[in-house]
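Below is one structure, written out as structure tokens, with a few remarks after it.
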Amino acid sequence: QINEAAAVVFSVPSYACQRRTTLQNHNTVLTEALSLLAENAELNEEDGRAIAFRRSEAVLKALPKAVTNLADLRGLPCLGEHSLKIIKDVLKDGVSSEVETTRQSDRYKALKVLTGIFGVGAKTADRWIKMGISTLHQLQASGQTLNQAQQAGLEHYEDLNQPVAKAEADAIGDVVQKVVLSVLPGALITLIGGFRRGKPTGHDVDFLITHPEEGREVGLLPKVASLLKSQGFLLYQKTTRNSYLESDDGPARLSSNMDRFERCFSIFKLEMNPGTTRSGTPRSSSRTESQSDDHSPQTPGGVHENGLESRRRSWRAVRVDLVVSPISQFAFALLGWTGSKLFEREMRRWAGHEKAMSLSSHALYDTKQRRYLRAASEEEIFAHLGLEYIPPSQRNA
Ligand code: ATP
Ligand code: MN
Ligand code: MN
């Protein structure tokens, strides 16, 4: 096309929570480049940098068509110098050398492999890399002490790095629903996280549980977890109690994005019937090319599921998060656990910077009125914040 004269002018508000971001992305080449740099910054705990790349990525995701010309970007918010340089390179050459260099770098590859273990974060991975550990084999051979989560993570490494399909999420939902209702009749179970936003796959499955009668939900998860375990559905679980008290430390700590609901982080054993086994989906489908060299996440010998053995298995491991909220906080929990992560972060930033309010997955506090604002639905929370309501399917920032 030789039409370079007219630059499209996009108008995009600056907070992601003011925008409608669907899964239809017209700029995947650009957003994947920025996303890799954001991920690399996250893995290196360079938070400011990571957020800057995430914001640029999100602006491009919200555009109604593909950017073909740098001039198309005029007037767009959040695009810093660094992001613009990356976009410029990709528009010109189809790739960015900085992105490709990062993708190929030993450190990035090692951080990816090690943090791909459930229970291993950036700090632990960095410590191991400094000790010369950058593959699963080296980790295995090092004799490092692993906690229970990490042991389970290593044992189910391959499965947990395979995307979870919506049908698998629904199958797990049926099991969870049955067990929860047997412990607490009348409980309400909602699929949250990426699947609620309409994503076809996810890295885990997230459920929010509540009960219409306040208080009935207390202590639910330990019972649910032990039932699931006795029925053979759990390969790993860690349940924590609700530690939230409105009166104890008020809104100050609410700005942190860690909430304090009763919750269970688990690894589910999902039985698959022959029609849905992985034979239909190549096991390497979700791997990036960077993982197919000698840093490849082959599971260390002896521990587990591998090769032929796993192809014959009738089950797979899936990460499942269960969260319980009292009904009075349900709307906040639902909003806070639906994501995307950037959408949530932007909503809290909007609340703080534009409205002098403090938003968490538990509550909304108005600093000027010095009181909590109640809400029975997500719509009411958006209204309190002076935002147009954005449905889950348009929160894919
Ligand atoms: P994926 O499809 O990859 O799972 P996701 O959007 O579901 O993507 P999750 O990491 O499962 O991502 O998180 C879902 C939502 O729950 C996000 O909005 C996130 O902010 C929220 N969340 C996750 N962990 C916590 C936590 N420890 N405390 C509070 N909120 C959390
Ligand atoms: Mn999720
Ligand atoms: Mn999750």
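Summary of values
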item	result
Residues of segment 179-201 classified as touching a strand residue (DSSP E or B) at 6+ places or on another chain (Cβ under 9 Å), open to solvent by 10 Å² or more (accessible area, probe 1.4 Å) and within 16 Å of ligand 3 (Cβ to nearest atom), total	8
Residue that is over 22 Å from the mean Cα position of the chain (by Cα) and open to solvent by 60 Å² or more (accessible area, probe 1.4 Å), where the choices are Gln144, Gln151, Gln140	Gln140
Val67 vs. criteria free of Cβ contacts under 8 Å to residues at least 60 places away in the same chain, crowded, with 20+ Cβ neighbours inside 10 Å and either touching a strand residue (DSSP E or B) at 6+ places or on another chain (Cβ under 8 Å) or of a type outside the set (Gly, Ala, Ser) (or both)	yes
Test: Leu322 is within 16 Å of ligand 2 (Cβ to nearest atom), at pLDDT 95 or above and either assigned to a helix (DSSP H, G or I) or surrounded by fewer than 20 Cβ atoms within 10 Å (Cβ to Cβ) (or both)	no
Segment 80-129, subset polar (S, T, N, Q) and not in a helix (DSSP H, G or I), residue most open to solvent (accessible area, probe 1.4 Å)	Ser105
Test: residue in segment 206-218 that is assigned to a strand (DSSP E or B), surrounded by fewer than 16 Cβ atoms within 10 Å (Cβ to Cβ) and within 16 Å of ligand 2 (Cβ to nearest atom)	no
Matching residues in segment 327-349 - criterion: being open to solvent by 10 Å² or more (accessible area, probe 1.4 Å) and more than 12 Å from ligand 2 (Cβ to nearest atom)	Ile327, Ser328, Gln329, Phe330, Leu334, Gly336, Leu342, Glu344, Arg345, Arg348, Arg349
Residues of segment 170-197 classified as within 11 Å of ligand 1 (Cβ to nearest atom) and in contact (Cβ under 8 Å) with a residue 40 or more places away in the chain, total	5
Breaking point among (1) over 21 Å from Ser35 (Cβ atoms); (2) buried (at least 19 other Cβ atoms within 10 Å of the Cβ), for Val164	(1)
Inter-residue pairs, beta-carbon under 9 Å, first open to solvent by 20 Å² or more (accessible area, probe 1.4 Å) and in segment 352-371, second outside any loop (DSSP other than H, G, I, E, B) and within 16 Å of ligand 3 (Cβ to nearest atom), 6+ apart	none
Residue in segment 327-341 that is in contact with a Phe, Trp or Tyr (Cβ under 8 Å, 6 or more places away or on another chain), within 16 Å of ligand 1 (Cβ to nearest atom), assigned to a loop (DSSP other than H, G, I, E, B) and at pLDDT 90 or above present	no
Residue in segment 372-397 that is most open to solvent (accessible area, probe 1.4 Å), counting only those that are among the acidic types (Asp, Glu) and touching a Phe, Trp or Tyr at 6+ places or on another chain (Cβ under 8 Å)	Glu388
Any chance Glu168 is in a helix (DSSP H, G or I), at pLDDT 95 or above, within 19 Å of the chain's Cα centre (by Cα) and over 18 Å from Lys109 (Cβ atoms)	yes
Residue check, Phe265 at pLDDT 50 or above, in a helix (DSSP H, G or I) and within 16 Å of ligand 2 (Cβ to nearest atom)	no
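The values are calculated or read from the model by the stated rules, or taken from the named source; none is laboratory data. Note that the structure is predicted; figures quoted are calculated from it, not measured. Glycine also receives a Cβ, built like all others from the backbone with ideal geometry; neighbour counts cover every protein chain displayed. Each accessible area value is taken on the protein alone, full model and side chains, heavy atoms only, with ligands, DNA and RNA left out. Shrake-Rupley method; radii C 1.70, N 1.55, O 1.52, S 1.80 Å.
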